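Please read the structure below before turning to the comments.
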Amino acid sequence: MSVRRSLTILGATGSVGQSTIDLVCRNPDRFDIGALTANKNYRDLADIARKVGARHAVISQEQHYDALCALLADTDIEVSAGSHAVAEAACLPADIVVSAIVGFAGLRPTLAALECGRTVALANKESLVCAGELVMRTAKESGARILPVDSEHNAIAQVLDQNQLHAVEMITLTASGGPFWKKTYADMKSATPEEALNHPNWSMGARISIDSATMMNKGLELIEAHYLFAVQRHQINVLVHPQSVVHGLVQYVDGSLLAQLASPDMRIPIAHCLSLPDRISIPGQRLNLAQISSLEFAEPDLVRFPALRLALEVLERGQGASAVLNAADEIAVAAFLDKRLGFTAIADVVNRVLDDIERAGLLATPGCLKDAEMLDEAARRYAGEACAFMEI
Ligand code: NAD
Ligand code: MG
């Protein structure tokens with residue numbers, strides 16, 4: 001007999017949020033929803049809150065507060081608004097807080113949940129990229145647990161023997177290579193947002209889809225793994241695996257290589273986090289290895305995908321640099337989606353902002369949320385200028 005768990009979902013209207021809601025709806029006897037949050041899509045938030053019988057619905061953009069109240073007026077669902085309300089929702093009693101906001105905006109509520117000692121199922125990799133030292137220290141001090149939702153990190157968590165950490169030689173994250181893995185750099189120069197958003201294996205939000213096309217996503221994931229598993233640069237690598245069947249591997253000193261394999265379906269890692277140490281049934285296709293017949297792997301190409309090279313360099317340059325990398329990338333991806341910046345200029349903007357901020361002497365490791373916010377803001381300002389300079 002399983003215990004019913006209460007969940008708070010930060011970013012409930014997004015791709016990871018929706019996959020989580022799907023699991024909740026399929027397992028009403030296992031999960032109960034406390035708070036749900038969204039940025040501006042108050043209509044979807046109201047629909048989801050009704051469907052799952054949430055106790056709180058929180059909209060980050062305050063101008064939608066009245067409209068959300070009106071949509072939920074005939075229910076007992078408590079409504080609040082503002083980014084402070086999102087952080088407060090993260091602290092409400094819950095067995096697990098699913099942190100699925102995209103971007104730097106996810107850091108504050110993630111930290112708030114950890115400060116309150118909540119178990120956090122972490123999809124918001126940016127929290128670790130921008131303030132991994134602070135995030136891990138906060139969790140340690142409060143005794144909070146962080147469960148990785150990102151499919152590669154979840155795979156690694158599933159095969160990482162906590163009693164044999166000293167015997168780990170290498171952690172490998174696989175990468176699909178994205179929609180442009182077979183394209184030349186010259187082809188990529190003229191890539192459109194529509195082409196870049198068209199991921200071959202995964203259906204995801206806009207930012208992570210573009211980051212997968214530049215392979216910046218894998219770079220962010222290397223940094224995520226560095227903080228999450230406390231491994232050094234020489235102990236983490238990336239292997240391109242276009243089929244997205246093997247998600248993560250751990251190499252031990254005795255030569256054993258342990259891997260987790262699954263269909264590319266985010267409900268699998270999310271379900272793992274939500275039901276630990278139990279497993280819940282997920283419908284859908286099982287892997288048929290005989291049908292797949294062979295699995296392909298290749299070394300990443302750091303020349304055609306300079307974003308990944310920048311992230312590798314940032315691992316050596318420290319936490320401040322990874323926070324700048326993320327902020328510059330967020331701004332450059334938004335400019336690309338807005339058709340103000342070319343696809344290959346995304347990495348150029350990030351490169352330039354890293355150098356400019358380093359020259360300005362601003363690359364210190366953020367010791368608290370305020371530090372992280374100030375660095376993020378400065379990097380966004382520099383990135384805005386760099387985008388304007390490189391505009392198409
Ligand atoms: P998405 O764009 O589909 O959804 C983002 C969610 O965050 C939405 O609910 C949105 O309302 C909310 N949000 C956006 N900006 C906000 C703000 N300023 N304040 C408060 N809320 C805000 O994104 P996604 O693809 O679901 O990704 C969410 C996170 O999970 C990202 O960090 C991403 O890297 C990570 N992730 C996603 C996947 C995936 O398959 N989509 C896989 C692994 C990791
Ligand atoms: Mg991933």
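Only residues that are within 14 Å of ligand 2 (Cβ to nearest atom) and in contact with a strand residue (DSSP E or B) (Cβ under 7 Å, 6 or more places away or on another chain) were counted in the stretch 203-243, giving 11. Give me a count of the residues in the stretch 208-240 that are in a loop (DSSP other than H, G, I, E, B) and surrounded by 21 or more Cβ atoms within 10 Å (Cβ to Cβ). Residues that pass the stated criteria total 1.
Per the listing 209, 244, 256, the residue uniquely more than 19 Å from residue 301 (Cα to Cα) and at pLDDT 95 or above is 256.
Looking only at the stretch 317-340, residues that are assigned to a helix (DSSP H, G or I), more than 20 Å from residue 371 (Cα to Cα) and open to solvent by 30 Å² or more (accessible area, probe 1.4 Å) come to 2 in all. Among the residues of the stretch 292-310, are any among the polar types (S, T, N, Q), on the phi > 0 side of the Ramachandran plot and in a loop (DSSP other than H, G, I, E, B)? Yes, the stretch 292-310 contains at least one residue that is among the polar types (S, T, N, Q), on the phi > 0 side of the Ramachandran plot and in a loop (DSSP other than H, G, I, E, B). Consider residue 122 carefully, then state whether it is within 24 Å of residue 108 (Cα to Cα) and out of contact with any Lys or Arg (no Cβ under 8 Å at 6 or more places or on another chain). So residue 122 passes the test. Residue 275 meets the conditions (1) more than 16 Å from ligand 2 (Cβ to nearest atom); (2) open to solvent by 20 Å² or more (accessible area, probe 1.4 Å); (3) at pLDDT 95 or above in every case but one. The failed one is (2).
Criterion first (more than 14 Å from ligand 1 (Cβ to nearest atom), assigned to a strand (DSSP E or B) and of a type outside the set (A, V, I, L, M, F, W, C)) does residue 169 satisfy it?
Considered against the rule, which asks whether it is more than 14 Å from ligand 1 (Cβ to nearest atom), assigned to a strand (DSSP E or B) and of a type outside the set (A, V, I, L, M, F, W, C), residue 169 comes out as yes.
Is it true that residue 155 is of a type outside the set (D, E, K, R) and either part of a strand (DSSP E or B) or within 14 Å of ligand 1 (Cβ to nearest atom) (or both)? Taking the combined requirement at face value, the residue satisfies it. Looking at 286, 352, 380, just one residue is farther than 22 Å from residue 177 by Cα, in a loop (DSSP other than H, G, I, E, B) and open to solvent by 30 Å² or more (accessible area, probe 1.4 Å), and that residue is 286.
The values are calculated or read from the model by the stated rules, or taken from the named source; none is laboratory data. Because the structure is predicted, anything quoted here is derived from the model rather than measured. So basically every Cβ, Gly included, is an ideal-geometry build from the backbone, and we count neighbours across all protein chains shown. Calculation scope for accessible area: heavy atoms of the full protein, side chains included, ligands and nucleic acids excluded. Shrake-Rupley method; radii C 1.70, N 1.55, O 1.52, S 1.80 Å.
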